[in-house]
Number of protein chains: 2
Amino acid sequence: MPRWYFEDFTPGFVLHGQGPTVTREDIIDFATKFDPQPFHLSDEAAKGTLFGALCASGWHTASMCMRMMCDAWLLDSASLGSPGVDNLRWLKPVFVGDTLRFTLTVLEQRPSRSRPDMGSVLGKQEVHNQKGEAVLEMTSWAMFRKRAADAQ
Amino acid sequence: MPRWYFEDFTPGFVLHGQGPTVTREDIIDFATKFDPQPFHLSDEAAKGTLFGALCASGWHTASMCMRMMCDAWLLDSASLGSPGVDNLRWLKPVFVGDTLRFTLTVLEQRPSRSRPDMGSVLGKQEVHNQKGEAVLEMTSWAMFRKRAADAQ
């Protein structure tokens, strides 16, 4: 049985996790596939922009946040997926050499009305860099099975 | 000079674009890197879930939407990046063999108060599959330079 179930995500519950140090190759590889805007492909092109230097696509940062959550707890949970995200904000660029970490804080826990074996959890995710600057913030819903359902 | 500037994104303006057909390798490659939940890695693991078959990570679908926008118009625009996304919703799973297309509809156009050479645009993005089903919907802000600024 997984470690984390719907019942565990009470409001105020907090989980932390560490990410990798972001490399130039990571940034360029993701951008080449999904977001080939010049400031995600080279330092030269980024110099004249608001970013100032090569930085990760915002979708890359969000995807790295997902991976950090998977590694820290989500793969050991009764996760049923997510219907969506509210208010995703890219607060600072993620540069080559940045080391990311995340914090998840549970905001709301809502049992399903139609499915007694599951429920939804609203969580606030924050990603910080090694300087303590917030680079990404979002609130998202996720669905989990109940422990009580698996235990039957 | 790029084709699309802040001035072009008047409320009601619509742009369309086509995406690729999603392969098993695409789905597994993205999931292995960023979202290794079992239902994004194999049909077998997905069978017992709400999805029923191997499906793309929601972050993969959002990233494919970004790529479709880049290919259709964004790389030929005076884009300055995006501060964030409101209300991202994953409405249906994206399966192997699905062919995606997107529609962008401009909702709001807001000149910057502090920077007369730029402005922000609120757009609604919808991604549909080949059956016409909406798989992703979001509204997001993007910043663009003004044509008037480049023309000086």
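Here is how the numbers come out for the structure above:
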{"item": "Region B:43-52: number of residues that are over 21 Å from A:Phe144 (Cβ atoms) and surrounded by 14 or more Cβ atoms within 10 Å (Cβ to Cβ)", "result": "1"}
{"item": "Region B:40-59: number of residues that are more than 17 Å from B:Glu126 (Cβ to Cβ), facing another protein chain (nearest Cβ under 10 Å) and assigned to a helix (DSSP H, G or I)", "result": "2"}
{"item": "Single condition A:Gln37 does not satisfy, out of (1) over 22 Å from B:Gly58 (Cα atoms); (2) within 9 Å of another protein chain (Cβ to nearest Cβ); (3) buried (at least 17 other Cβ atoms within 10 Å of the Cβ)", "result": "(1)"}
{"item": "B:Ala151 being among the aliphatic types (A, V, I, L, M) and under 25 Å from A:Ala72 (Cα atoms)", "result": "no"}
{"item": "Search result, residues across region A:21-34 that are surrounded by fewer than 23 Cβ atoms within 10 Å (Cβ to Cβ) and within 11 Å of chain B (Cβ to nearest Cβ)", "result": "A:Asp26, A:Asp29, A:Thr32, A:Lys33"}
{"item": "Sole exception among (1) in contact with a Lys or Arg (Cβ under 8 Å, 6 or more places away or on another chain); (2) facing chain A (nearest Cβ under 9 Å) for B:Asp76, by number", "result": "(2)"}
{"item": "Given (1) in a loop (DSSP other than H, G, I, E, B); (2) modelled with pLDDT under 95; (3) away from chain B (no Cβ under 12 Å), index of the condition A:Gly12 fails", "result": "(2)"}
{"item": "Selection count, region B:68-92, where residues are of a type in the set (Gly, Ala, Ser) and part of a helix (DSSP H, G or I)", "result": "1"}
{"item": "Lone unmet requirement of (1) in contact (Cβ under 8 Å) with a residue 24 or more places away in the chain; (2) out of contact with any helix residue (DSSP H, G or I) (no Cβ under 8 Å at 6 or more places or on another chain); (3) not acidic (Asp, Glu) for B:Arg67", "result": "(2)"}
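The values are calculated or read from the model by the stated rules, or taken from the named source; none is laboratory data. Treat the numbers as computed from the prediction; the structure is a model and nothing was measured. Every residue, glycine among them, receives a Cβ derived from its backbone with ideal geometry; neighbour counts consider all protein chains shown.
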